[in-house]
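Structure record follows, encoded as structure tokens.
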Amino acid sequence: MVLGALNVQLWRDTLELTANRAPEFLDITEPVQELVRRSGVQNGIAVVFSRHTTAAIKINEHEPELLKDMEQFLNRLSPMDAAYFHNDFTVRTVNMEDDECPNGHAHCQHLLLGASETIPVIDGCLALGVWQRIFMVELDRPRQREVVVQVMGA
């Protein structure tokens with residue numbers, strides 16, 4: 001489709017979320033769709049972005065047994081109780097906070113999942129497939145997280 005001159009809009013909002021455990025897949029599809037609706041963009045893209053290195057954004061199916069499988073998969077790939085240089089606070093000196101916890105596993109899991117997803121917006125709706133849902137994946141521990149939703153289009 002070729003479009004003439006458009007009045008492109010850029011709109012942004014933030015979701016604040018807290019998981020109960022890690023790993024945990026929180027379905028954020030409906031709140032993201034509501035933000036897209038509020039943006040007024042009819043056709044464009046929505047970027048859903050986690051502002052954290054231990055909380056990811058992924059699209060997948062929301063089926064309870066599959067979610068258990070995916071949580072177990074992450075735990076097998078990068079178990080919490082494995083040895084990580086990042087967790088050795090006797091030698092690690094950078095990016096330390098007062099409440100620092102050993103979370104090397106969460107960073108390694110995040111490396112596989114990533115921080116964002118981009119979804120087409122068509123006629124004011126997320127153009128997700130029948131079974132696709134948007135998840136914020138907590139990989140570290142329960143705490144407040146910010147997910148930025150930016151919508152661009154006309």
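The values are calculated or read from the model by the stated rules, or taken from the named source; none is laboratory data. Bear in mind the structure is a predicted one, so any value in this text is a computation, not a measurement. In this analysis, Cβ positions are derived from the backbone assuming ideal geometry, glycine residues included, and neighbour counts consider all displayed protein chains.
Below is a table of values for the structure above.
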| item | result |
| --- | --- |
| Matching entry among R12, R38 (being over 19 Å from Q132 (Cα atoms), touching a strand residue (DSSP E or B) at 6+ places or on another chain (Cβ under 6 Å) and either at pLDDT 95 or above or not in a strand (DSSP E or B) (or both)) | R12 |
| Members of segment 68-103 that are among the aromatic types (F, W, Y) and either surrounded by 12 or more Cβ atoms within 10 Å (Cβ to Cβ) or in contact with a Lys or Arg (Cβ under 6 Å, 6 or more places away or on another chain) (or both) | F73, Y84 |
| Residue match in segment 105-117 (condition: assigned to a strand (DSSP E or B), of a type outside the set (D, E) and either touching a Pro at 6+ places or on another chain (Cβ under 6 Å) or modelled with pLDDT of 95 or more (or both)) | yes |
| Scope segment 111-154; condition among the acidic types (D, E), surrounded by fewer than 16 Cβ atoms within 10 Å (Cβ to Cβ) and touching a strand residue (DSSP E or B) at 6+ places or on another chain (Cβ under 6 Å); matching residues | E146 |
| Count of residues meeting criterion [farther than 13 Å from L26 by Cβ, crowded, with 20+ Cβ neighbours inside 10 Å and polar (S, T, N, Q)] in segment 36-61 | 2 |
